[in-house]
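Okay, structure first, notes after.
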Amino acid sequence: MSDAIKGVLAMVATCVTWGLSGIYYAELNHIPPLEVLAHRTIWSCAFFVIVILATGRVDKVREAVASPRTMALLFITALLISANWFGFIFAIQNGQAMEASLGYYIFPLVAVAIGFVVLGERFGRAQAIAIVIAALAVLILTVGLGVPPWIALVLSGTFGFYGLIKKQLAVGPVTSTFLEVSLILPLALIYLGGGVFAYDLRDMLLLMASGVLTGGPLIGFAYAARRLNYATLGLVQYVNPTLQFSVAVFVFGEAFTRWHGIAFPMIWGALALYSYAVWRQDRAARKTSMA
């Protein structure tokens, strides 16, 4: 089996796990989202401790900790990813899984917009049109539903800025995520106080499993990223919000209004246009490198 096929399989497995994770978090609806987030932080940290020790990354952790700039940036990314995790858990527990899926659909376009504003990056006409279409779709939802899709905007925005900062760090995804959850760990422990194990066996096992559910896909993503080109990686990632959307409609029975019926096809069209543009750029770059 070629590395490319292994990468695609790893990425599909990762996105399927992310896409179906809403079903898992729905099983914890009776526990406040901040408590779920605190446990996700604790058990993710425990999971990554095992991974760091098993893969010999202790020296990489020491190198990162020795850099005040790196740790300062990681503290910011820790806050951003915690806000992102909380937003997703909150959405699932409050019947807004469809809006969460919208956030992950528009994330690539938000990331491009952030790169333009913050880094001065430039993009082609097709990508510009895709961003405008996505913005119009969000506007239509805002007018039609009478309120902006705040959860979608928070999820895409926090993840967009998270990626922006992570691009400036010479720290691998496993090491950096371990340090992020480690930095937030004291807050999680303080929030829970002495109630870390104050649940019945079923809930305790589900909460502990959040560490694997968080860390496992990240390792799969890192594995895939080393074996796939950017365009393929980006295209496969749409499996995640597509499954989230399907779960929201067919499992949770959330209402799909006419406004959603207008906005979502616009988003899908914008993503198709954006993905085509990225694919062409990636193809042209590979031809140039082979010349």
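The values are calculated or read from the model by the stated rules, or taken from the named source; none is laboratory data. Not measured: the values here are computed from a predicted model. Note: ideal-geometry Cβ built from the backbone for every residue, glycine included; neighbour counts use all protein chains shown.
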**Q.** Flag for Phe47 being out of contact with any Gly (no Cβ under 6 Å at 6 or more places or on another chain) and part of a helix (DSSP H, G or I)
**A.** no
Q: Give the number of residues within the range 241-264 that are under 17 Å from the mean Cα position of the chain (by Cα) and of a type in the set (Ser, Thr, Tyr).
A: 1
Q. Do any helices (runs of 4 or more DSSP H) entirely within the range 182-253 hold 2 or more residues that are among the aromatic types (Phe, Trp, Tyr) and at pLDDT below 95, and if so, which?
A. 201-225
Q. Within the range 175-199, which residues are of a type in the set (A, V, I, L, M), out of contact with any Phe, Trp or Tyr (no Cβ under 7 Å at 6 or more places or on another chain) and surrounded by 13 or more Cβ atoms within 10 Å (Cβ to Cβ)?
A. Leu179, Ile184, Leu185, Leu187, Ala188, Leu189, Leu192, Val196
Q.
Quick check on the range 53-66. Is at least one of its residues hydroxyl-bearing (Ser, Thr, Tyr), in a loop (DSSP other than H, G, I, E, B), in contact (Cβ under 8 Å) with a residue 24 or more places away in the chain and in contact with a helix residue (DSSP H, G or I) (Cβ under 9 Å, 6 or more places away or on another chain)?
A. yes
Q) Taking the range 160-175 only, how many residues are assigned to a helix (DSSP H, G or I) and among the small types (Gly, Ala, Ser)? A) 2
**Q.** Set Met1, Met11, Met98: member being exposed (fewer than 15 other Cβ atoms within 10 Å of the Cβ), hydrophobic (A, V, I, L, M, F, W, C) and either without any contact (Cβ under 8 Å) to a residue 12 or more places away in the chain or closer than 28 Å to Ala134 by Cα (or both)
**A.** Met1
Q: Would you check which residues across the range 254-278 are under 19 Å from Cys15 (Cβ atoms) and modelled with pLDDT under 90 and list them?
A: Leu271, Ala272, Tyr274, Ser275, Val278
**Q.** Unmet requirement for Phe116, which otherwise passes all of (1) under 22 Å from Gln237 (Cβ atoms); (2) among the aromatic types (Phe, Trp, Tyr); (3) surrounded by fewer than 23 Cβ atoms within 10 Å (Cβ to Cβ); (4) in contact (Cβ under 8 Å) with a residue 12 or more places away in the chain
**A.** (4)
Q: Might you check whether a residue that is within 14 Å of Ser101 (Cα to Cα) and either free of Cβ contacts under 8 Å to residues at least 24 places away in the same chain or over 22 Å from the mean Cα position of the chain (by Cα) (or both) occurs anywhere in the range 266-285?
A: no
Q.
If the requirement is being surrounded by fewer than 17 Cβ atoms within 10 Å (Cβ to Cβ) and not β-branched (Val, Ile, Thr), which of these qualifies: Phe221, Phe245, Phe250?
A. Phe250
Q. If you take the residues in the range 257-279 that are closer than 11 Å to Ala126 by Cα and not aliphatic (A, V, I, L, M), which one is surrounded by the most Cβ atoms within 10 Å (Cβ to Cβ)?
A. Tyr274
Q. List, please: which pairs have Cβ atoms under 8 Å, are six or more places apart or on different chains, and start with a residue in the range 71-90 that is surrounded by fewer than 21 Cβ atoms within 10 Å (Cβ to Cβ) and end with one that is among the basic types (Lys, Arg) and assigned to a helix (DSSP H, G or I)?
A. none
